[in-house]
Amino acid sequence: MPGTIVKVNVAQGQAVKAINQLLVGVHMCATAEAFTLASKCGLDLQMMYDTICTSAGRSEIFRNRGQYLIERNFNTRSTLQIQLKDTSIACKTADAVGAHTPLANLAREMFKLAVNKYPPTDDSLEVVRLYEEISNLDI
């Protein structure tokens, strides 16, 4: 829960932060992918968003950032370069302990592509533009 303090040692804290970064990166990409699929299916994005927000597929990232995608509001909240850095930390942590994290690695690659293609200081939600381009979606 936000605002909850959990006492851990430094190594545990770093590991939990890396795991959170992994989930944020993967959920951000999954949200972008979901909205791109919904658009390609011709769905009303608000209807899809409202439905998923009450369904098992929801995540905090989807709930928090989905409305911004509907509104095409890309005001900077977190940047592509920060998301790339954070997802890279998660992948390096996994590599260091021998954990297989293909979804985190894919998210890192998507953010790397986005950083190379768009201004790195753009909002991390701009990763949706990659999904839209790959899907030949003209928005």
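Would you check which residues across region 1-49 are under 19 Å from the mean Cα position of the chain (by Cα), farther than 23 Å from Glu126 by Cβ and charged (D, E, K, R) and list them?
Answer for region 1-49, where residues must be under 19 Å from the mean Cα position of the chain (by Cα), farther than 23 Å from Glu126 by Cβ and charged (D, E, K, R): just Lys17.
Out of the residues in region 74-101 that are in a loop (DSSP other than H, G, I, E, B) and farther than 21 Å from Val16 by Cβ, state the one that is least open to solvent (accessible area, probe 1.4 Å).
So, considering only residues that are in a loop (DSSP other than H, G, I, E, B) and farther than 21 Å from Val16 by Cβ, the one least open to solvent (accessible area, probe 1.4 Å) is Phe74.
List every residue pair whose Cβ atoms sit under 6 Å apart, with the two residues 6 or more apart in sequence or on different chains, where the first one lies in region 11-36 and is in contact (Cβ under 8 Å) with a residue 40 or more places away in the chain and assigned to a helix (DSSP H, G or I) and the second, anywhere, is of a type in the set (Asp, Glu) and open to solvent by less than 60 Å² (accessible area, probe 1.4 Å).
Gln21/Asp86; Thr36/Glu132
Say whether the condition of being surrounded by 12 or more Cβ atoms within 10 Å (Cβ to Cβ) and not in a helix (DSSP H, G or I) is met by at least one residue in region 45-53.
Yes, there is a match, as at least one residue in region 45-53 is surrounded by 12 or more Cβ atoms within 10 Å (Cβ to Cβ) and not in a helix (DSSP H, G or I).
Give region 111-131 a look and list any residue that's in contact (Cβ under 8 Å) with a residue 60 or more places away in the chain and open to solvent by less than 20 Å² (accessible area, probe 1.4 Å), or say none.
Phe111, Ser124, Leu125, Val127, Val128, Leu130
Residues in region 63-73: is at least one open to solvent by 90 Å² or more (accessible area, probe 1.4 Å) and either among the aromatic types (Phe, Trp, Tyr) or under 16 Å from Glu132 (Cβ atoms) (or both)?
Within region 63-73, one or more residues are open to solvent by 90 Å² or more (accessible area, probe 1.4 Å) and either among the aromatic types (Phe, Trp, Tyr) or under 16 Å from Glu132 (Cβ atoms) (or both).
With respect to Ala104, is the statement that it is surrounded by 19 or more Cβ atoms within 10 Å (Cβ to Cβ), small (Gly, Ala, Ser), touching an Asp or Glu at 6+ places or on another chain (Cβ under 8 Å) and not in a loop (DSSP other than H, G, I, E, B) true?
Here the answer is no, as Ala104 does not meet what is asked.
The values are calculated or read from the model by the stated rules, or taken from the named source; none is laboratory data. What you see is a predicted model; the values in this text were computed from it and never measured. Cβ atoms come from the backbone with ideal geometry, glycine included; neighbour counts cover every protein chain shown. Note: areas computed on protein heavy atoms with side chains; ligands, DNA, RNA excluded. Shrake-Rupley method; radii C 1.70, N 1.55, O 1.52, S 1.80 Å.
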